[in-house]
Amino acid sequence: MKNLLLLILLILLTGAAAQAQKVTVTGRVVGASGEGLPGSTVLERGTSNGTSTGANGEFSLSVNPGATITVQAIGFATQQIPLNGRSRLDVRLAATAQDLNEVVVTGSRATEGRSNILTTAPVDVISAREIKAFAQTDVAQVLAYAAPSFQSTRQTISDGTDHIDPASLRGLGPDQVLVLVNGKRFHNSALVNINGTVGRGAVGTDLNVIPTASLKRIEVLRDGAAALYGSDAIAGVINLQLKDDTTGVTASSTVGHTTKSDGGVFQVDTNIGIGLGGRGYLDLSGQYQNHSYFNRGLPDTAPLIYLGANSGQYPSSATTEQARRDLKAQDDALVAKNGYDRNNLRIGSADTRNVGGFLNAGYRLGGGIEAYAMAGYTHRTGKSAGFARLPNQPTQSDLTIFPNGFLPFINTKINDVSTIVGLRKTIGGFGFDLSNTYGSNEVRYDISNSVNASLPQGAGIRNQTEFYAGTLKFTQNTSNLTLTRKFADLGPLATLNVAVGGEFRVDNFKISAGEPNSYINGGRLIGTAPTASGSQVFPGYQPTDEVNKSRNNLAGFLDLESDLTEKLLVHAAGRVERYSDFGSSASGQLAARFSIIDGLALRGSLGNGFRAPSLQQRYFTNVSTQFISGVPNQILTVNNENPIVRNSYTVGGTGQQGFGVAPLKQENSRNYSLGLTGRVAQVVTLTVDAYQIDIDDRIVLSSAFTRTNTIVNTILGTQPVSRVQFFANAVNTRTQGIDIVANSRLPLGDKSRLGLTAAANFNETTVRSFNSTSTTINNDATVGTSNLQNTLFDRQQRARLENGNPRSKILLSANYTYGIFGLEARSVRFGEVQTKDADPARSFLDQTYAAKWITDLTLNVQVIKQVGVAVGINNLFDVYPDRIIQNPRNDPNNFSVDPAQSYNSSLDNTNRGRFVYNASQFGFQGAFYFGRVNVAF
């Protein structure tokens, strides 16, 4: 800290040197008819200093007195305007067929931004207009529909994953993409996904804590970038750039619901831009969002709700069809008498409420020093259902409180805090950028409508039905110093951009235990049978689960970019990092772009990268209730440092036996890409980029090892769990794919314009080989699915990696404006996905879900200058995923006593007929209608 303060003081003292004072230029950008052009780009030519116009086309920008201002807008001719002493510029742009390619800064530390078809790596740009064009109201869903390489899947009945969507790029994991805000590293979520979902075992970033109202645009770098930004940037980088307006107030409100009148959305957001006396800006954004749940589950096929055993099965005494019919009739009468609803799950999105605000500011202190800051806080509450407990399951219930069974709920409170503070200054031709970034994400669990079935029950005893189950918290603090300079005419080089810097980061992960009744076993027995411990649906974190672990890492980096000739751009980067918990890692990248002819260029890159194991993967421990073939299991997730994982196993040995797994180490990647960029007749831009990403020692969460294996039974000993799972560097993978993006902007007169986009991503991930450092696992001779090597990474896990995300996504969109009217149309094809059972003998449960087209439509009307109205439909044709195949024997009216024909719900994946759809990227809520009002002043 002392050195940091000295460095700040040095910059401030140096700033006292006489320098040319910058000036602030304000103005408005309008179209041919005088209409304001929001989202236009205003740049100081020859620099990356720029801004975007506000809702009515206004802008304010601090520049050098002799600057030339570049003004660009999609569908209009670019203008270059010398300032010549003026402090205000009102610019009228003429319509043109030439498309504007967005200037991007992600993927390079050069002092000047480049058009996204002039970069060495592919970058998608989603503008503020596109963010607000359709029904999607949070960042993850906006990207899922706007960026073909991005995947995000809403989950159901998956504990904390119901509330934080796993998101990824190019078919890789949620923890293999790096998220930036204003070019600075953004912190991860505290949550690690441990249930059977896409992204299982990964720790991602909660994109939805950032209000869409705060975003100027989103840049998606589709290339490995660990050499530039460090750990996690294997698949690419998502850079969320916040608004920096100095004038204007915008607000919007969105309401909508599905055609089944559920899944309602209500959102209000606002953004305020404030000029700071011509020396800077203060941009404030706020958002309130309420999502109601929807349910697409079907009635429970369990034959007996009250009179059955083993999750509603017929008792062994019902040995004839007539006996089963009679018993079913009695049970049906009880169902009717008690008003029991067989549709006893909530299979759909959770109830969520989100309140958040962001601040983005910049201010010139004098002496050429600019201070900047960002601060954000988001509070989100969620309520999602678990699996229902039937009235015939007394070992998991308290029938004096819930005589008709119960549906337990997991309630989350997510608090997310982020700040950035920094100083910029030019000293001796070098641009200095000193910053500190802090972020924390906290997830608190409270369980309601549940019981601890092991506590005493009976007359006069009223057990609690709500429990505090514990808290996860992740914090990160990053200090960074970057120096940049552009050299011109440096020997044989026309230009050379140099960036060099260092970074120091501290991570911390905490687990706080829940209240005792959320996890203890109170000792209640039914006969001699034990009852379930802890709060049903989510046993609380125990004192033995508590951790408070930190690590730090120190990094240094060098970034060079040069136009070697007029046709050849070369970019090279290198980075070295030292982690306190596992050692050092080095990464590098070499990229180039060669202009073949005017309008056609070849680009490519190669490099290596890494991803450090997250603290969550190293230290997370808990016991969770997971349903396997409809049967609840207490599963222990144990951290990689635990003796159960690390100790060796010896037959007949004493002390805690273990699996003998090595400590977690970094994943290592190698990235290759090759692409073409082109412009056709000044009307169409096209980029085609192929890529290959090889990852060694990929970290996965194992499948659950079961006590049916004698080695596992010995290792678990007297632990009150039936299965155990842990993290390991278990597999090597290869991902190959191709991205295609084509854009066209066509003026159709003074009042109308047409924009067209076609984009696609095709990818394939394959598991190349299996890794295990454990001789205990490798030498296990057990036959069948409980074999340790099979369980470490089974075919179900492999299918999630290889086929859990769509291998293709195609996007077609058009936007047309005529005067005050606008029409947005988009159709997205989400490719097929596949699920597989862990047991090869049950491959009849494998299922492939066909690709689907989802079409969205929005009509906009600018009623008056300050007020616009939009109405639209998401999923216009009410498309649903393929249904999960249900076995004919899974029928509540199946009274057969033949073991080959009798009722059996384990022969499909519908969980007693209740699950109709598998989780998919486009969800299964059906058509969604919405209306939106936009106000700007």
All positions within the range 358-380 that are surrounded by 19 or more Cβ atoms within 10 Å (Cβ to Cβ) and within 20 Å of Glu442 (Cα to Cα): Phe358, Met374, Gly376, Thr378, Arg380
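Being of a type in the set (Val, Ile, Thr) and surrounded by 18 or more Cβ atoms within 10 Å (Cβ to Cβ) is the filter here, so list the residues in the range 665-720 that pass it. Spell out how you get there, then give the answer.
The first filter runs over the range 665-720 and keeps only residues of a type in the set (Val, Ile, Thr), leaving 677, 680, 683-685, 687-688, 693, 695, 699-700, 706, 708, 710-712, 714-715, 718.
Answer for the range 665-720, where residues must be of a type in the set (Val, Ile, Thr) and surrounded by 18 or more Cβ atoms within 10 Å (Cβ to Cβ): Thr677, Thr685, Thr687, Ile693, Ile695, Ile699, Val700, Thr706, Ile711, Val712, Ile715.
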Enumeration of residues in the range 527-561 that are surrounded by 20 or more Cβ atoms within 10 Å (Cβ to Cβ) and closer than 30 Å to Thr120 by Cβ: Asn553, Ala555, Phe557, Asp559, Glu561
Residue check for Ser435: surrounded by 17 or more Cβ atoms within 10 Å (Cβ to Cβ) and closer than 29 Å to Gly514 by Cα: no
Members of the range 496-515 that are closer than 13 Å to Glu577 by Cβ and either under 27 Å from the mean Cα position of the chain (by Cα) or of a type in the set (D, E, K, R) (or both): Glu503, Phe504, Arg505, Asp507
One residue from Thr205, Thr246, Thr197 being under 12 Å from the mean Cα position of the chain (by Cα) and in a loop (DSSP other than H, G, I, E, B): Thr205
Filtered residues of the range 219-232 (kept if surrounded by 24 or more Cβ atoms within 10 Å (Cβ to Cβ) and over 14 Å from the mean Cα position of the chain (by Cα)): Leu221, Arg222, Asp223, Gly224, Ala225, Ala226, Ala227, Leu228, Tyr229, Gly230, Ser231
Residue check for Ser774: in contact (Cβ under 8 Å) with a residue 60 or more places away in the chain and surrounded by fewer than 18 Cβ atoms within 10 Å (Cβ to Cβ): no
Test: residue in the range 115-125 that is assigned to a loop (DSSP other than H, G, I, E, B), modelled with pLDDT of 85 or more and touching a helix residue (DSSP H, G or I) at 6+ places or on another chain (Cβ under 7 Å): no
Residues being at pLDDT 90 or above and hydroxyl-bearing (Ser, Thr, Tyr) - total across the range 709-722: 2
Among residues of the range 870-893, those that are touching a residue at least 40 places away in the same chain (Cβ under 8 Å) and under 30 Å from the mean Cα position of the chain (by Cα), counted: 12
Single residue of Ala227, Ala233 found to be touching a strand residue (DSSP E or B) at 6+ places or on another chain (Cβ under 6 Å), in a loop (DSSP other than H, G, I, E, B), among the aliphatic types (A, V, I, L, M) and in contact (Cβ under 8 Å) with a residue 40 or more places away in the chain: Ala233
From the options Thr478, Thr528, residue that is among the β-branched types (Val, Ile, Thr) and either modelled with pLDDT of 95 or more or not assigned by TED's automatic domain parsing to the domain that holds Lys425 (or both): Thr478
Residue pairs meeting the criteria (Cβ under 6 Å; at least 6 apart or on separate chains; first surrounded by fewer than 17 Cβ atoms within 10 Å (Cβ to Cβ), in the range 815-828; second charged (D, E, K, R)): Tyr818/Lys751; Gly819/Lys751
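Can you name the residue in the range 872-905 that is among the aliphatic types (A, V, I, L, M) and surrounded by 15 or more Cβ atoms within 10 Å (Cβ to Cβ) and is also nearest to Thr319 (Cα to Cα) among such residues?
Val897
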Criterion (without any contact (Cβ under 8 Å) to a residue 40 or more places away in the chain and of a type in the set (Gly, Ala, Ser)) met by exactly one of Gly470, Gly428, Gly502: Gly428
Within the range 280-324, tally of residues that are part of a helix (DSSP H, G or I) and closer than 19 Å to Arg914 by Cβ: 0
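Does at least one position in the range 365-388 carry a residue that is in the same structural domain as Asn449 (by TED's automatic domain parsing), outside any loop (DSSP other than H, G, I, E, B) and basic (Lys, Arg)?
Scanning the range 365-388 turns up at least one residue that is in the same structural domain as Asn449 (by TED's automatic domain parsing), outside any loop (DSSP other than H, G, I, E, B) and basic (Lys, Arg).
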Any chance Thr259 is closer than 27 Å to Val869 by Cβ and crowded, with 19+ Cβ neighbours inside 10 Å: no
Filter result for the condition that a residue is in contact with a Lys or Arg (Cβ under 7 Å, 6 or more places away or on another chain) and at pLDDT 80 or above, over Val42, Val30, Val23: Val30
Sole exception among (1) more than 14 Å from the chain's Cα centre (by Cα); (2) in a strand (DSSP E or B) for Ala135, by number: (2)
Yes/no for Asn887 being modelled with pLDDT of 95 or more and outside the structural domain of Phe821 (by TED's automatic domain parsing): yes
Every pair of residues 6+ apart whose Cβ atoms lie under 7 Å, when the first sits in the range 310-337 and is under 21 Å from Ser397 (Cβ atoms) while the second is part of a helix (DSSP H, G or I): Tyr314/Arg324; Tyr314/Leu327
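The values are calculated or read from the model by the stated rules, or taken from the named source; none is laboratory data. Treat the numbers as computed from the prediction; the structure is a model and nothing was measured. As a convention, Cβ positions derive from the backbone with ideal geometry for all residues, glycine included, and neighbour counts pool all protein chains shown.
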